[in-house]
Amino acid sequence: MKVNQKENVRALVSLLKEVHSIAVSTGAGISAESGIPTFRGKDGLWKQFRAEELATPNAFMRDPKLVWEWYDWRRGIIGGKSPNPGHFVLAEWEKLYPEFTLITQNIDGLHAKAGSRNILELHGNIWKVRCTQKETVMENFDAPLKEIPPLCPKCGALLRPHVVWFGESLPTEVIHEAFRRAETCEVLFVIGSSTVVQPAASLPFHALEEGAKVVEINLEPTPLTSSANFSFLGKAGEILPMIDKALKE
Ligand code: OAD
């Protein structure tokens, strides 16, 4: 461990031992070590696919089969993956702290698989489908799907993935609650997010304005790094267990 990282961990751990209220905001980077591709960066999904052809309401109206084939492919990748040590540390911290909120932009369901319970999913969940007529939301874990595009078992209408696409609003209650938690917590972690997609990217800045300390864990600097109180450059699946170990010593 580098000397200043050791110092950083020591200072953070003494803060974490004092506080009662923690919020965590995660992005695709926390699932990278589980083998799920991120969106940006060299091998990111948006390098291989055009978002506007696959992740917009217009794309779905134009060609639901194509959009569903892409989600079926992603469900196939995600379905076989397991949570990594980063997910497990966060699930443990939920039991350790009286107030703990996990906010995620991820749709992969790996936080729940690791045991986290109180999760605010800002962009939905790839294992849920929604009826395009009645808006009913259902769980569907088929990978591969039995039919593409899938139809509502209740009314026969087209189903869509229960995820937020570009140009769509985030679920109001979920985003309000995420901002409320970020603005009232004592420490906010931002883990594995490029912090360029709104409104999630604003959460740490709201937290800072309200006096919270912000801790960032990322492989590389982001637009948040210079404002964060603590910045750890490295893999979430290594840094989180390191902080957790020091916290329990
Ligand atoms: P991005 O793909 O934009 O960013 C992933 C971040 O994780 C990058 O900053 C990487 O440096 C970092 N990273 C990669 N591996 C890591 C590791 N092992 N440990 C720590 N950090 C790591 O993903 P998001 O910020 O989550 O939205 O993207 C936000 C939204 O953009 C997604 O939810 C999705 C996408 O378009 C929708 O689909 C609506």
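The values are calculated or read from the model by the stated rules, or taken from the named source; none is laboratory data. Every value quoted in this text rests on a predicted model; they were computed, and no experiment measured them. Cβ sites come from the backbone with ideal geometry, for glycine too, and all protein chains shown count toward neighbours. For accessibility, only protein heavy atoms count, side chains too; no ligands or nucleic acids. Shrake-Rupley method; radii C 1.70, N 1.55, O 1.52, S 1.80 Å.
Structure above, values below:
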| read-out | value |
| --- | --- |
| Calculated log₁₀ intensity ratio I(q)/I(0) where the Debye formula runs over C-alpha points of the range 85-128, q = 0.15, 0.20, 0.24 Å⁻¹ | -0.33, -0.57, -0.79 |
| Accessible surface, per residue, of the chain when the full set of protein chains is kept, probe 1.4 Å, Å² | 49 Å² |
| Full-extension gain in nm, HIS206 to ASN58, via 0.36 nm per residue minus C-alpha separation | 50.1 nm |
| In order through the range 40-57: 3J(HN,Hα) via Karplus (6.51 cos²θ - 1.76 cosθ + 1.60), integer Hz, x for Gly, Pro | 10, x, 4, 9, x, 4, 6, 7, 8, 10, 8, 3, 5, 8, 10, 10, 9, x |
| Three principal axis lengths of the range 138-194 [C-alpha, angstrom, descending] | 47, 23, 21 |
| Estimated D of the range 1-138 in µm² per second, where Rh is the Kirkwood radius over Cα pairs and Stokes-Einstein applies at 10 °C, 1.306 mPa s | 92 µm²/s |
| Whole-angstrom gap from the range 109-137 to the range 54-72, using each part's C-alpha centre | 18 Å |
| Burial order of peptide ranges 115-124, 47-56 (average beta-carbon count within 10 Å, highest first) | 115-124, 47-56 |
| Two-site label geometry, SER82 and ALA51: point separation in nm, points 7 Å out along Cα→Cβ | 3.3 nm |
| Order of exposure, largest accessible area first, which applies to HIS111, HIS176, HIS162 with probe 1.4 Å | HIS176, HIS162, HIS111 |
| Hydrodynamic radius by Kirkwood, which averages 1/r over all alpha carbon pairs of the range 142-249, in angstrom | 16.6 Å |
| Ranked by how many other beta carbons lie within 10 Å on average, peptides 164-172, 200-208, 19-27 from highest | 19-27, 200-208, 164-172 |
| With Cα atoms, 0 to 90° folded angle of helix 236-248 axis to the chain main axis | 40 degrees |
| Sites GLU168 and LEU15, calculated FRET efficiency, Cβ-Cβ separation with R0 35 Å, nearest 0.05 | 0.40 |
| Mean Cα-pair separation over length for the chain, i.e. relative contact order, pairs under 8 Å, 6 or more apart, % | 24 percent |
| Using alpha-carbon coordinates, inclination of helix 3-18 to the longest axis of the chain, degrees | 80 degrees |
| Nonlocal amide H pairs with LYS128, under 5 Å, H built at 1.01 Å | ASN140, HIS162 |
| Distance cut-off 15 Å, percentage of C-alpha pairs in the range 209-249 lying past it | 47 percent |
| Accessible-area ranking of MET61, MET138, largest first, probe 1.4 Å | MET61, MET138 |
| Long-range amide H partners of LEU120 with built H, under 5 Å | LEU102, ILE103, THR104 |
| Rounded to whole Å, sorted largest first: equivalent-ellipsoid semi-axes of the chain, Cα gyration tensor | 34, 18, 17 |
| Protein accessible area in the chain, 1.4 Å probe - carbon and sulfur % | 53 percent |
